[in-house]
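Novice: Below is a structure I'd like to ask you about.
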């Protein structure tokens, strides 16, 4: 008889961020069938309703400790959890959870991590100590791999697991006017008001030139929706804002568009995975690295042209002559992303 194991899953889950929800959905999809998950979530009821798995509040120490006490393993990931660019509290929180898991002697796995930026000495030390305590580590990018090499820690490197996430169709999407272009923006200090004005004017000009339907996709509505509404109010052509809570549908939405203009890392991964032409607007090293790895056209926000006409021309060129990733390339990315699954199966089979 196969023994059922329990694993506590820890990440930025239940916080209304489509990218992190996609990572959770990918992790649940990749878990061995004999592993029962307990998810630490910002909204446990929503997580239970969406995935049908046990969930505990991520900030309740008694609930977290009780979950760890009945578990066999702790899975920490994925995404950019150990970084201090947003706040130094993030690495403190995740390192603290790792410490609690070690105290009760759980098998610990750092899964599909994107490490950094780490700009403070104490957060760097916290991260190094936390990763060194893991029985298995997988990372999703070369920068993270280089950090672990410097720390002399073993790891596997594979594309982000969302490349392998099963997409679901979006009801009614096919009834919207075509061709469609998806736009995913997010609030960020580098996206100043003047840059947003330029992007919006460029998008309006692009829409007139291409006669496309603009699909605005706020990945984290609490932060992105207001901006999407502002942009939409300044477009003269047809457009809509599509809020999708299920990350599998969020990925599936890109199957119904011709091109994606994206700031958020996972918007570009999902779009490319579903065969879209992509244009990137980078606010973070992880997006810049993805641009380089996939050879995507785009700009870093601090290098965005001041001229809206130059922006719209670049988008028109991408729309008219850009190419989606080849079928062979997509097959390779999906297959290699499954290395994150192999790590889980390897550790849980011991």
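The values are calculated or read from the model by the stated rules, or taken from the named source; none is laboratory data. Keep in mind that this is a model prediction, so the values were computed, not measured. Cβ: placed from backbone, ideal geometry, glycine included. Neighbour counts: every protein chain shown.
Novice: Which of (1) part of a helix (DSSP H, G or I); (2) outside the structural domain of residue 285 (by TED's automatic domain parsing); (3) farther than 18 Å from residue 289 by Cβ is the odd one out, the single condition residue 162 does not satisfy?
Specialist: Going through (1) part of a helix (DSSP H, G or I); (2) outside the structural domain of residue 285 (by TED's automatic domain parsing); (3) farther than 18 Å from residue 289 by Cβ one by one, residue 162 breaks only (3).
Novice: Same structure again: Identify, from the list 205, 246, 211, the residue that is surrounded by fewer than 23 Cβ atoms within 10 Å (Cβ to Cβ) and on the phi > 0 side of the Ramachandran plot.
Specialist: When all the criteria are applied, what remains is 211.
Novice: Please go through (1) more than 23 Å from residue 290 (Cα to Cα); (2) buried (at least 20 other Cβ atoms within 10 Å of the Cβ); (3) in contact with a strand residue (DSSP E or B) (Cβ under 7 Å, 6 or more places away or on another chain) for residue 95 and return the number of the only condition it doesn't satisfy.
Specialist: Status for residue 95: all satisfied but (3).
Novice: Any idea which residue in region 301-313 is surrounded by the most Cβ atoms within 10 Å (Cβ to Cβ), counting only those that are in contact with a helix residue (DSSP H, G or I) (Cβ under 6 Å, 6 or more places away or on another chain) and not in a loop (DSSP other than H, G, I, E, B)?
Specialist: 311
Novice: Looking only at region 16-30, decide whether some residue is in a loop (DSSP other than H, G, I, E, B), farther than 20 Å from residue 165 by Cα and either touching a residue at least 40 places away in the same chain (Cβ under 8 Å) or touching a strand residue (DSSP E or B) at 6+ places or on another chain (Cβ under 8 Å) (or both).
Specialist: No, that holds for no residue.
Novice: Is one or more of the residues making up region 314-337 under 26 Å from residue 157 (Cα atoms), free of Cβ contacts under 8 Å to residues at least 40 places away in the same chain and surrounded by 14 or more Cβ atoms within 10 Å (Cβ to Cβ)?
Specialist: Yes, that holds for at least one residue.
Novice: Within the group 80, 41, which residue is within 23 Å of residue 126 (Cα to Cα), surrounded by 20 or more Cβ atoms within 10 Å (Cβ to Cβ), outside the structural domain of residue 243 (by TED's automatic domain parsing) and modelled with pLDDT of 95 or more?
Specialist: The unique qualifying residue is 41.
Novice: Of these, 267, 349, 326, which one is over 18 Å from the mean Cα position of the chain (by Cα) and closer than 21 Å to residue 165 by Cβ?
Specialist: Exactly one residue qualifies, and that residue is 326.
Novice: Enumerate the helices (runs of 4 or more DSSP H) found wholly within region 37-123, keeping only those where 1 or more residues are within 15 Å of residue 14 (Cα to Cα) and free of Cβ contacts under 8 Å to residues at least 12 places away in the same chain.
Specialist: Answer list for region 37-123: 44-51.
Novice: Can you name every residue in region 214-225 that is surrounded by fewer than 19 Cβ atoms within 10 Å (Cβ to Cβ) and either in contact with a helix residue (DSSP H, G or I) (Cβ under 9 Å, 6 or more places away or on another chain) or not assigned by TED's automatic domain parsing to the domain that holds residue 256 (or both)?
Specialist: 220, 221
Novice: Hey, can you tell me all the residues within region 170-186 that are surrounded by 14 or more Cβ atoms within 10 Å (Cβ to Cβ) and either without any contact (Cβ under 8 Å) to a residue 40 or more places away in the chain or under 17 Å from the mean Cα position of the chain (by Cα) (or both)?
Specialist: 182, 183, 184, 185, 186
Novice: Sticking with this structure for a sec: Out of region 270-284, which residues are part of a loop (DSSP other than H, G, I, E, B), under 17 Å from the mean Cα position of the chain (by Cα) and over 20 Å from residue 311 (Cα atoms)?
Specialist: 274
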